[in-house]
Amino acid sequence: MEDGLAVRSSGLIERLERKSEVIGKDNPLYWYFHLKELGKQAQTKEMVDEAINGFVVNNSEYTILKVIAKKYLTREVCEIAVSKNGLNLKYVPGQYRKRAMCLAAVQSDGGALREVPERILLGAKGYEICFTAVRNDLEGRALSFVPKCYLRGKEGKALCEAAVKANGYALEYVPKRLITKQLAKVAIESTPSDHYSYCPVLLFVPKKCMSEELVALSA
């Protein structure tokens, strides 16, 4: 039994050493891959503390909380993680997923709005959280997670304007009744340059708002 444990331990160390040769501590993603390779059972509090403070996000898809053992997901650890990458909110334990935590998450990445509990979205600061999210939207999808009750009247118009100014692709999720020629123009002008080949924003402009100016602007 002990021999088998020794073999497994030896194998783990060898794998970690090989991993370290490929990704050193100077790599921004070091801690993510190190903790993932190590496994949640072998993690320590000291290791997690160092990782959460040392991890540098250069790609929001790498959510550090995903690879950290649940027993180490304290409020402080979660707060640091969501402030660096809002998408970590998905892995924050329910008891910590409060209004302040959710606001910090959407300030970092508007896409985190998807993980905000409904009770908070529809609460006293729900509109504020949604507005903050669409203004910090990296992918142009945050507006799709906004409750329909906020997409009406002046408040709805303000949300949509903020969304398309942040990312033109948000126009896809703007209710057709709120799309105007001016809003469409803002959306086209706000389209990230590296996204042009993906799909032209012009496709989301209703016929009633189409004009030669918008076509030329899109081209």
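Could you check segment 45-103 and list, in sequence order, the residues that are part of a helix (DSSP H, G or I) and within 20 Å of C130 (Cβ to Cβ)?
Hits for segment 45-103 are V82, S83, G86, L87, N88, L89, K90, R99, A100, M101, C102, L103.
Identify all residues within segment 101-131 that are touching a residue at least 40 places away in the same chain (Cβ under 8 Å) and closer than 19 Å to A158 by Cβ; write none if there are none.
G110
Among what's in segment 110-136 and is within 11 Å of the chain's Cα centre (by Cα) and open to solvent by 10 Å² or more (accessible area, probe 1.4 Å), pick the residue that is farthest from L178 (Cα to Cα).
The selected residue is E115.
Is it true that some residue in segment 163-178 is within 20 Å of L113 (Cβ to Cβ), modelled with pLDDT of 85 or more, in contact with an Asp or Glu (Cβ under 6 Å, 6 or more places away or on another chain) and not hydrophobic (A, V, I, L, M, F, W, C)?
yes
I'm checking my understanding of the structure. Among residues of segment 45-85 that are among the aliphatic types (A, V, I, L, M) and in contact with a Pro (Cβ under 6 Å, 6 or more places away or on another chain), which one is farthest from Q95 (Cα to Cα)?
V56
It is to be established whether one or more residues within segment 188-206 are at pLDDT below 85, within 19 Å of the chain's Cα centre (by Cα) and assigned to a helix (DSSP H, G or I).
Among the residues of segment 188-206, at least one is at pLDDT below 85, within 19 Å of the chain's Cα centre (by Cα) and assigned to a helix (DSSP H, G or I), which makes the answer yes.
Which of (1) modelled with pLDDT of 85 or more; (2) open to solvent by less than 30 Å² (accessible area, probe 1.4 Å); (3) within 16 Å of S144 (Cβ to Cβ) is the odd one out, the single condition L183 does not satisfy?
Status for L183: all satisfied but (3).
Taking Q182 and the conditions (1) of a type outside the set (D, E); (2) touching a residue at least 12 places away in the same chain (Cβ under 8 Å); (3) under 19 Å from K208 (Cβ atoms), which numbered condition does it fall short on, given that it satisfies the others?
(2)
Quick check on this structure: which one of K66, K90 is surrounded by fewer than 19 Cβ atoms within 10 Å (Cβ to Cβ), over 30 Å from V164 (Cα atoms) and touching a helix residue (DSSP H, G or I) at 6+ places or on another chain (Cβ under 6 Å)?
K66
If you go through segment 7-20 one residue at a time, do you hit one that is loosely packed, with under 14 Cβ neighbours inside 10 Å, modelled with pLDDT of 90 or more and not in a loop (DSSP other than H, G, I, E, B)?
No, there is no match, as no residue in segment 7-20 is loosely packed, with under 14 Cβ neighbours inside 10 Å, modelled with pLDDT of 90 or more and not in a loop (DSSP other than H, G, I, E, B).
The values are calculated or read from the model by the stated rules, or taken from the named source; none is laboratory data. None of the values given here were measured: they were computed from a predicted structure. Don't worry about glycine lacking a Cβ; one is built from the backbone with ideal geometry, like all the others, and counts go over all protein chains shown. Heads up: the accessible areas ignore ligands, DNA and RNA and are worked out on the full protein's heavy atoms, side chains in. Shrake-Rupley method; radii C 1.70, N 1.55, O 1.52, S 1.80 Å.
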